[in-house]
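> The structure that follows is given in the form of structure tokens.
The values are calculated or read from the model by the stated rules, or taken from the named source; none is laboratory data. None of the values given here were measured: they were computed from a predicted structure. In this analysis, Cβ positions are derived from the backbone assuming ideal geometry, glycine residues included, and neighbour counts consider all displayed protein chains. With ligands, DNA and RNA removed, areas are computed over all heavy atoms of the protein, side chains included. Shrake-Rupley method; radii C 1.70, N 1.55, O 1.52, S 1.80 Å.
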Amino acid sequence: RTPPPSPRLPPPPPPSIVSEVLVTATKRVEDANRLPASISVIGADQLETAGVKDAAGLMRLAAGMTTTNLGPGRDKIMLRGISDGAFTGRTRSTVGIFLDNAPITYNAPDPDLRLADVTTVEVVRGPQGALYGAGSISGVYRIITRKPELDAFHAKLGALTGWTKSGSASTSLEAMVNAPLIEGRLAARLVAYHDLEGGYLDDVNLRLSNVDRTIRDGGRLAVKAWLTPDWTVTLSGAVQQLDSNDTQYVTASNAGLQRANRVRENHKNDFAQVGLAIEGATPFGQLQSSTAYIRHAFASQYDASAALSRFGASAADLGVYQERAKIDMVVQDAVLTSTAAGRYRWLAGVYGAVSNEDSPSELRVGVNALAPRAVYSEIRSDRLSEVAAYGEVSIDLGSGWGLAFGGRGSRISRRTSSDVTVNVAGGQSRAMIRKADFSNWSPKLSLQYVFPNGAMVYGLATEGYRAGGFNSGGLVAPNPARRAYRPDRLRNYELGAKLNLLDQRLDVRAAAFYDLWDDIQSDQYFPSGLPYTANVGDGRNVGLEVEATWRPAPGWALQSNALFDDPKITRADPRFASRIQNQLPGVPDMSFSALLTYERPLRDGLTLLFTGQTTYVGRSRLTFDPALSPVMGGYFTGRLSAQLKGPVWRLAAFLDNPADTQADTFAYGNPFSFGQVRQVTPQRPRTLSLVATRTF
């Protein structure tokens, strides 16, 4: 008897690498393919498939996104080749970082929140001053968390274990529970996680191995109430504690992944947020109100022994510099958007924020690590307040044409007080209190055309802005040219296209841009290693960014992105330096990434998934100073994975840096020995990780 033929397998679904397209980056829900803006939307499935858990991993998925590599909780995010330098100090971040609708940084490094139980991540490139205000001159990075769901109880558990060549093991645990509390009215969602990232660098002087271990613990809780079918209230809280035992740079004078310091250079970055979101329909439009309280505290320790002669401590052999910051911020943002369909759409919003930052620092010196004494200390406090009103109008002009215009007016007030104590011959103890107000208008204008087949082209003009501030530190009082730094402004002109080709199998998004940046603010260091902020001059950047997703056959997907740009300094400010290099530091003139995915359904609801990824980061210079500007970058990295997924579980293996390259990813680690020794930040060596998840 002839056996019956085997049943034909159904064609596989589109690979999970395809991004969701609905975004809220414009303060209302819109289709990303119809927005006249350069935006990447990375959904939860895509994050899971690519094994991305933080901002550093998103570099492989979003065009024009780069980060420094100082270590978890110390990094700066940069977009579209707009860089104000390698160092993190008083200047406001060039990228606005948001958790849902609340900003979570000002001048602090990225808190490196784990992307646990998120709906999407949105990366909007180009100045976003019209909607998001000061501090988003190169774009916005938004983490959109999953909200409580009323329909059913469900939970998820995940675990990771990893091994790094010549390093220590890594582990990770993550749990989520969603629970309806009152039928049809109230639900809660809880997320908790623990990460231990093993170190891979050795300190030969301290005789310690794998010194750069990091532990990250955190979680979120959200409770959502449906007051009526049209009104909801969500109360949420998020916390994360990040502790790094040491930084992750080495010195070229030591062999391999080694350095020789006198003390551990540990770092802490603790984050907490409480938020209240109210959404509902009014007779005038849809209202969305977001109130948040944020506390961000971080601290670093550095080996300052290489700079002792600058502090008149030639008899000492040990220097330790400690800096801390605690930022408390209250933010309120309310926006009303039109709901009626028609030719005209609009939004109007008001914003207010108050923040207090206390940032003490101290340098101590000693002999043979005995009874170190303070030779320098500063107690500084900054109080900022900001109020703003913003709006936008979109008009359907007919025949596929659309026009949008808007802007944001703001006023920022700053008060800075500082008390500096210097116990060094020739030094100057002093105190200061200074105040200033800064007003700004950031406009936006766009024109777009949608073809009958759905393709779109657009032109866009936007602006970004950062307020000025004051310098207070140093062994002596800053000279008149450096007592304050001025606001800076970036104007962006952009032409873009969003295309769907080859019978819906190829999606292409491209944007050509030209940016003009006036009075660039940049954090710098005195020869003593103490920080200050300066306006270094004017710059411009011209470039092209491209993202494409190609689905050549069922089960296959190739996602790629690239940035080609030419960031330049067009005018050096003589009050900063008489000569600086003509390239913006820390950003490559070219970068690209490609991710190939193959997904095949098996029997019994199983799916087999393979991915291969490669990323290239081009060459760049480290600083504005030609004498202290070694070349870095110019390297490839990659990731391979094999995954088996069932209806409620998933097993995955990831191999990072399979070629085990040790390229210089970002050559900076310690301001006190910077310029004296070559500092190199290598890639993490080849790492194998195993991941298991289970839903309930």
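> In whole Å, how far is the Cα centre of region 203-244 from that of region 395-457?
28 Å
> If amide hydrogens are placed 1.01 Å from N in the peptide plane, which non-local residues have theirs closer than 5 Å to the one on Met65?
For Met65, the qualifying residues are Arg80.
> Just to be sure I understand the model, the point goes 7 Å from the Cα along the line to the Cβ. What's the resulting Lys156 to Thr171 distance in nm?
2.3 nm
> I'd like the FRET efficiency for Ala225 and Ala389, computed as 1/(1 + (r/R0)^6) with the beta carbon distance as r and R0 of 22 Å, rounded to 0.05.
FRET efficiency, Ala225 to Ala389: 0.15.
> Still on this structure, please answer the following. Write down the accessible area per residue of region 509-607 in Å², having rolled a 1.4 Å probe over the full set of protein chains.
Here the residues of region 509-607 average 40 Å² of exposed surface.
> Given a 1.4 angstrom probe, what's the average accessible area per residue across region 609-668, in square angstrom?
38 Å²
> Past the 21 Å Cα-Cα mark, which pairs from Lys27/Lys326; Lys224/Lys268; Lys147/Lys326; Lys268/Lys326; Lys53/Lys147?
Going by Cα-Cα distance, Lys27/Lys326; Lys224/Lys268; Lys147/Lys326 fall outside the 21 Å limit.
> Using a cut-off of under 20 Å, list every residue of region 540-562 whose amide N is near the label point 7 Å from the Cα of Thr570 along the Cα-to-beta-carbon line.
Under cut-off, by backbone N: 540-545.
> Name the residue farthest towards the positive end of the dipole of the chain from the options Phe576, Ser442, Ala510, assuming +1 on Cβ of Lys and Arg, -1 on Cβ of Asp and Glu, about the Cα centre.
So the residue we want is Phe576.
> May I pose another question? Per 5 Å bin from zero, what fraction in whole % of the C-alpha pairs of region 426-584 is there, up to the bin with the longest pair?
Each 5 Å bin holds this share of Cα pairs: 2, 7, 12, 13, 13, 11, 10, 8, 7, 6, 4, 3, 2, 1, 0.
> Moving to a separate point now. Ile278 versus Arg486, label points 7 Å from Cα toward the beta carbon: distance in nm?
Distance between the two pseudo-spin positions: 4.3 nm.
> I'd like the accessible area for Phe576: 1.4 Å probe, protein heavy atoms, all chains in place, Å² to the nearest 10.
Phe576 has an accessible surface of roughly 30 Å² with all protein chains in place.
> Further question: Using just the alpha carbons, could you tell me how many Å³ per residue the convex hull of region 116-272 encloses?
Measuring per residue, one finds 160 Å³ for the Cα hull of region 116-272.
> Provide Leu157, Leu688, Leu460 ordered by accessible surface of protein heavy atoms (probe 1.4 Å), highest first.
Ranked from most to least accessible, the order is Leu157, Leu688, Leu460.
> Further question on the same structure: Residue by residue through region 557-569, what is 3J(HN,Hα) from phi via Karplus (6.51 cos²θ - 1.76 cosθ + 1.60, θ = phi - 60°)? Round to whole Hz and write x for glycine and proline.
Result, rounded to whole Hz: 8, 10, 10, 9, 8, 8, 10, 10, 8, 9, x, 9, 8.
> Can you list residues whose amide H is under 5 Å from Asp270's amide H, if they're 5+ apart or on another chain and H is modeled 1.01 Å from N?
Leu242, Ala297, Phe298
> Leaving out ligands, DNA and RNA, what percent of the accessible area of the chain is carbon and sulfur, probe 1.4 Å?
59 percent
> What Kirkwood Rh does region 549-696 have if only Cα atoms enter the pairwise 1/r average? Answer in Å.
18.6 Å
> Express in Å², to the nearest 10, the accessible area of Met176 obtained by rolling a 1.4 Å probe over the protein heavy atoms while all chains stay in place.
20 Å²
> Which far-off residues, 5 or more places away or on another chain, put their amide H under 5 Å from the one on Leu606, with H placed in the peptide plane?
Here the answer is none, since no amide H 5 or more places off falls under 5 Å of that of Leu606.
> Using the Karplus curve 6.51 cos²θ - 1.76 cosθ + 1.60 with θ = phi - 60°, what ³J(HN,Hα) values do you get for each residue of region 586-597, in whole Hz, with x for Gly and Pro?
The phi angles translate into x, 10, x, 7, 7, 8, 8, 8, 9, 10, 9, 10 Hz.
> While we're looking at this one, here's another question. Output the Cα-based Rg and Dmax of region 498-595 in Å, rounding Rg to one decimal and Dmax to a whole number.
Radius of gyration, then largest Cα-Cα span, for region 498-595: 19.6, 62 Å.
> Could I ask something else about it? At 37 °C and a viscosity of 0.692 mPa s, what translational diffusion coefficient does Stokes-Einstein give for region 50-119, taking Rh as the Kirkwood radius over Cα pairs? Give it in µm²/s as a whole number.
It comes out at roughly 259 µm²/s.
> Working out 0.36 nm times the residue gap between Asp625 and Ala341, then minus their Cα-Cα distance, what length gain in nm do you get to one decimal?
Full extension of this stretch gives 96.8 nm more.
> I would also like to ask the following. Leaving out ligands, DNA and RNA but keeping every protein chain, what accessible area does Phe311 have, in Å² rounded to the nearest 10, with a 1.4 Å probe?
Phe311 has an accessible surface of roughly 10 Å² with all protein chains in place.
> May I ask you to derive the relative contact order of region 380-519, considering only C-alpha pairs under 8 Å and at least 6 residues apart, and to give it as an integer percent?
Across region 380-519, relative contact order equals 18 percent.
> If I take the Cα coordinates of region 184-316 and project them onto the principal axes, what are the three extents in Å, biggest first?
Rounded to whole Å, the extents work out to 73, 33, 20 Å.
> Enter the mean projected area of the convex hull around the alpha-carbon atoms of region 340-428, in nm², rounded to one decimal.
Spelled out: convex hull of the Cα atoms, projected over all directions, averaged, 11.6 nm².
> For Leu622, Leu70, write out the residues from largest to smallest accessible area, computed with a 1.4 angstrom probe and no ligands counted.
Ranking Leu622, Leu70 by accessible area, largest first, yields Leu70, Leu622.
> Considering only protein heavy atoms, with the full assembly of protein chains and a 1.4 angstrom probe, order Phe610, Phe696 by accessible area, largest first.
Ranked from most to least accessible, the order is Phe696, Phe610.
> For the chain, what does the relative contact order come out to in percent, with C-alpha contacts under 8 Å and a separation of six or more?
Result for the chain is 12 percent.
> Between Arg678 and Ser309, what's the calculated FRET efficiency when r is the beta-carbon distance and R0 is 22 Å? Round to 0.05.
Computed FRET efficiency for Arg678 and Ser309: 0.65.
> Based only on Cα atoms, what Rg/Rh ratio does the chain have, Rh being taken as Kirkwood's radius?
Looking at the chain, the ratio lands at 0.97.
> Cross-link partners among lysines for Lys165, C-alpha distance below 20 Å, same-chain residues fewer than 8 apart left out?
none
> Please list the three semi-axes, largest first and in whole Å, of the ellipsoid equivalent to region 154-193, using sqrt of 5 times the eigenvalues of its alpha carbon gyration tensor.
Over the Cα atoms of region 154-193, the semi-axes work out to 35, 7, 4 Å.
> How long is region 637-696 along each principal axis, judged by its Cα atoms, biggest number first, in Å?
Between the extreme Cα coordinates on each principal axis of region 637-696 lie 57, 26, 11 Å.
> What FRET efficiency comes out for the pair Phe405/Leu516, r = Cβ-Cβ distance, R0 = 25 Å, nearest 0.05?
Computed FRET efficiency for Phe405 and Leu516 comes out at 0.80.
> Could you derive backbone 3J(HN,Hα) for region 225-235 from the dihedral phi with the Karplus parameters 6.51, -1.76 and 1.60 (θ = phi - 60°), listing whole Hz in sequence and x where the residue is Gly or Pro?
10, 9, 6, 9, x, 9, 10, 9, 10, 10, 9
> While we're looking at this one, here's another question. Once the principal axes of the Cα atoms of region 78-147 are found, what is the range along each, listed largest first in whole angstroms?
35, 24, 19
> Per residue, how much accessible area does region 23-173 show when a 1.4 Å probe rolls over the protein heavy atoms, in square angstrom?
24 Å²
> Give me the distance in nm between label points sitting 7 Å out from Cα along the Cα-to-Cβ direction at Tyr293 and Met432, one decimal.
If labels sit at Tyr293 and Met432, their model points lie 3.3 nm apart.
> Binning at 5 angstrom from zero up to the longest distance, how are the C-alpha pair distances of region 375-512 distributed in percent?
P(r) over region 375-512, rounded to whole percents: 2, 8, 13, 12, 11, 9, 8, 8, 7, 6, 6, 5, 3, 2, 0, 0.
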